[in-house]
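Here is the structure we will look at, set down as structure tokens.
Values quoted throughout were computed directly from the atomic coordinates according to the rules given, and no laboratory measurement underlies them. What you see is a predicted model, and the numbers here were worked out from it, not measured in a lab.
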């Protein structure tokens, strides 16, 4: 019984760490995208949409900063309203 308890608690601890790792990575990516947007709410929305696009297109994490920087440079003056 003790071994089962140790195994269950260990698996739960590993699962918790995986979840936290994924959440922190998402938060870091979101922060990166928002750092290119500045304080303008329209730019923030547009950059978050670009981050979602990067995820859909499968941009590798190591390439994401350059990809988002390029997207920030190509941003139109008046972004399209969110759908």
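With P(r) over Cα pairs in 5 Å bins from 0, in percent as the read-out, I listed [x] 3, 15, 23, 21, 15, 10, 7, 3, 2, 1, 0, 0; [y] 3, 16, 30, 29, 15, 5, 1, 0; [z] 3, 14, 20, 17, 12, 8, 6, 6, 5, 4, 3, 1, 0; which label goes with the value calculated from this structure?
Comparing each candidate, only [z] matches the computed number.
Helix-only mean residue ellipticity at 222 nm, the chain, DSSP H runs n ≥ 4 weighted -39,500 (n - 2.57), per residue, nearest 500. What is it?
Details: 3 runs with 63 residues, N = 83.
Calculated mean residue ellipticity at 222 nm is -26500 deg cm²/dmol.
Provide the gained length on full extension for the span residue 18 to residue 43, in nm with one decimal, where the gain is 0.36 nm per separating residue minus the Cα-Cα distance. Walk me through the numbers on the way to the answer.
Details: separation 25, 0.36 × 25 = 9.00 nm, distance 3.15 nm.
Going from the current span to full extension adds 5.9 nm.
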